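The block underneath contains the structure these notes are about, expressed in structure tokens.
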Amino acid sequence: MDAQLDGNLFMEDVLGGDHELRFGVEYTTSNNVSETLYPQQRTLKVKYYGDFTSSWGVWMTPDNKIDIFFKRMSAYLSDTATFKRLTLNLGLRYDLQAARLNETDLPGFTWMDSFDTVHDGYAFFPEYLGPMTVQEFDVPSFKNFSPRLSISYDIGGDGKNVVKLSLARYGSRVGNSMATALLPNGGYGREID
């Protein structure tokens, strides 16, 4: 869900200049489910350093799933003020963000082999690669204040030679990396080499 309300207000000849006020609020929620599936839950890894005889292996890798919920509330206010040759832009944005790891059941490693019927369906290393449940967990919330300032001055008054200065601080959004860091092995799955 993404609900957003934006507004503009133009004011002429206020405090010696013209102003364009922009403001808005936003509320966003989203679910992000990511699955990594390996054919037959095996991966062939090769590292070549001039000799293939000792630099290869098979990794047993159970399928992996990451289930994350995000929520963000934002508000911003900015003013673009023009005073003859000088243009001043002031702005502030506020973001409150939170994420939650949803409870997820991860499958265990199961050997699949139609030619080796004795071991087909066998669970190797169940104590390390067995089924597991990732418990629901609220990721700590983040608050970002993002101020912005820009100044431009038209030196000759004809728009050909302009001096500009811009300063801003940006806050990033809560991403997968912040939430998946709390999962076993950083969310990248489990393996035995």
| Out of (1) open to solvent by 80 Å² or more (accessible area, probe 1.4 Å); (2) part of a strand (DSSP E or B); (3) under 30 Å from Lys65 (Cβ atoms), the odd one out for Asn144 is which? | (1)
| query | Here are some conditions: (1) over 33 Å from the mean Cα position of the chain (by Cα); (2) at pLDDT 85 or above; (3) loosely packed, with under 10 Cβ neighbours inside 10 Å. Tyr48 meets all but one. Which one does it not meet? | reply | (2)
| Quick one: which of Asp95, Asp63 is open to solvent by less than 70 Å² (accessible area, probe 1.4 Å), at pLDDT below 85 and acidic (Asp, Glu)? | Asp63
| query | Just wondering, is there one or more residues in the range 34-45 that are hydroxyl-bearing (Ser, Thr, Tyr), modelled with pLDDT under 90, part of a loop (DSSP other than H, G, I, E, B) and loosely packed, with under 11 Cβ neighbours inside 10 Å? | reply | no
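Let's see how each residue does on (1) free of Cβ contacts under 8 Å to residues at least 60 places away in the same chain; (2) under 30 Å from Pro62 (Cβ atoms); (3) in contact with a Phe, Trp or Tyr (Cβ under 8 Å, 6 or more places away or on another chain):
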{"position": "Asp95", "(1), (2), (3)": "no, no, yes"}
{"position": "Thr104", "(1), (2), (3)": "yes, yes, no"}
{"position": "Asp116", "(1), (2), (3)": "yes, yes, no"}
{"position": "Tyr128", "(1), (2), (3)": "no, yes, no"}
{"position": "Lys143", "(1), (2), (3)": "yes, no, yes"}
| said: For the range 99-108, check the following and say yes or no: at least one residue is buried (at least 16 other Cβ atoms within 10 Å of the Cβ), in contact with a helix residue (DSSP H, G or I) (Cβ under 9 Å, 6 or more places away or on another chain) and in a loop (DSSP other than H, G, I, E, B). | reply: yes
| request: Would you be able to say whether some residue in the range 69-81 is modelled with pLDDT under 85 and either within 30 Å of Arg169 (Cβ to Cβ) or under 33 Å from the mean Cα position of the chain (by Cα) (or both)? | output: no
| query | Does any residue of the range 99-121 turn out to be in contact with a Ser or Thr (Cβ under 9 Å, 6 or more places away or on another chain) and small (Gly, Ala, Ser)? | reply | yes
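The values are calculated or read from the model by the stated rules, or taken from the named source; none is laboratory data. If you're wondering where the values come from, they're calculated on a predicted model, not measured in any experiment. Don't worry about glycine lacking a Cβ; one is built from the backbone with ideal geometry, like all the others, and counts go over all protein chains shown. Keep in mind that these areas ignore ligands, DNA and RNA; they rest on the heavy atoms of the full protein, side chains included. Shrake-Rupley method; radii C 1.70, N 1.55, O 1.52, S 1.80 Å.
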